[in-house]
1. Report whether or not residue 7 is assigned to a strand (DSSP E or B) and touching a strand residue (DSSP E or B) at 6+ places or on another chain (Cβ under 7 Å).
2. So residue 105 fits all but one of (1) surrounded by 15 or more Cβ atoms within 10 Å (Cβ to Cβ); (2) outside any helix (DSSP H, G or I); (3) in contact with a helix residue (DSSP H, G or I) (Cβ under 6 Å, 6 or more places away or on another chain); what number is the exception?
3. For region 108-129, give me each residue that is in contact with a helix residue (DSSP H, G or I) (Cβ under 9 Å, 6 or more places away or on another chain) and either touching a residue at least 60 places away in the same chain (Cβ under 8 Å) or part of a loop (DSSP other than H, G, I, E, B) (or both).
4. In this structure, is residue 14 modelled with pLDDT of 95 or more and crowded, with 16+ Cβ neighbours inside 10 Å?
5. Give me a count of the residues in region 35-49 that are surrounded by 15 or more Cβ atoms within 10 Å (Cβ to Cβ) and touching a residue at least 40 places away in the same chain (Cβ under 8 Å).
6. Can you name the residue in region 59-78 that is farther than 20 Å from residue 16 by Cβ and at pLDDT below 95 and, of all such residues, is surrounded by the fewest Cβ atoms within 10 Å (Cβ to Cβ)?
7. Can you tell me which residues in region 51-90 are part of a loop (DSSP other than H, G, I, E, B) and under 13 Å from the mean Cα position of the chain (by Cα)?
8. Filter region 190-209 down to residues that are surrounded by 18 or more Cβ atoms within 10 Å (Cβ to Cβ), in contact with a strand residue (DSSP E or B) (Cβ under 9 Å, 6 or more places away or on another chain) and without any contact (Cβ under 8 Å) to a residue 60 or more places away in the chain, then give me how many there are.
């Protein structure tokens, strides 16, 4: 599944091609996404000029003259820029053709993504839409800190990995980067979140911010179906220190990396470097 760095990479890639462009044509080939695309979608969106593009968690918001588009890549979705005469391929479900002669194409083999038109502006949607209004802080915001994590953890008993992957706690920390951040902070992924000290959470908040920043700078990962807006893969995979390295020697101590399921997701850890929380 595309995580925050992949979505941010996609946003940065499509933004210069879309902003201030007018949508001249909309082609919807498949309406059966996670939420169905309504019959009047093309009529509502065609002719509108695109304004500011932004991201909230793993959602992309595209401001229009009337309302906005809310986009989520789901499990296998991607956004690509192509020439307007480029023939669609299988699973290319929607095109927005732009005045400049190219198009934004939404590709999603498993159809778990979203492409919605909302009557509200992005600012209003952030505080009122059911998918957005209860989200926690962005990992790069001042509101996100070790103090924030420590305070929210005190009345909970879940594993710390499940805790930091909860979007109401902090957004955008998916499975890949949760594993990486916990390894960097030296915290076992199954450790109870309410037993981690403030010092430990300060280390973890810093690790989350650093690993996501590095992934964005390197274009996301190549895992699963993620590609950038130009159709090329991201390349953060080579920098992963713990994720997917079961049986390989730990890059810190050489002990074999182990794995275990936590909250229905596979977790990777070093039993020597991640014994307890700080």
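The values are calculated or read from the model by the stated rules, or taken from the named source; none is laboratory data. All figures in this text were calculated on a predicted structure; none of them were measured in a lab. A quick note on method: Cβ atoms are made from the backbone with ideal geometry, for glycine too, and the neighbour counts reach across all protein chains shown.
1. Taking the combined requirement at face value, the residue does not satisfy it.
2. Unmet condition: (3).
3. Of everything in region 108-129, those that are in contact with a helix residue (DSSP H, G or I) (Cβ under 9 Å, 6 or more places away or on another chain) and either touching a residue at least 60 places away in the same chain (Cβ under 8 Å) or part of a loop (DSSP other than H, G, I, E, B) (or both) turn out to be 115, 116, 117, 119, 120.
4. no
5. 4
6. Only one residue tops the list, namely 75.
7. 57, 58, 73, 74, 75, 76, 77
8. Count: 1.
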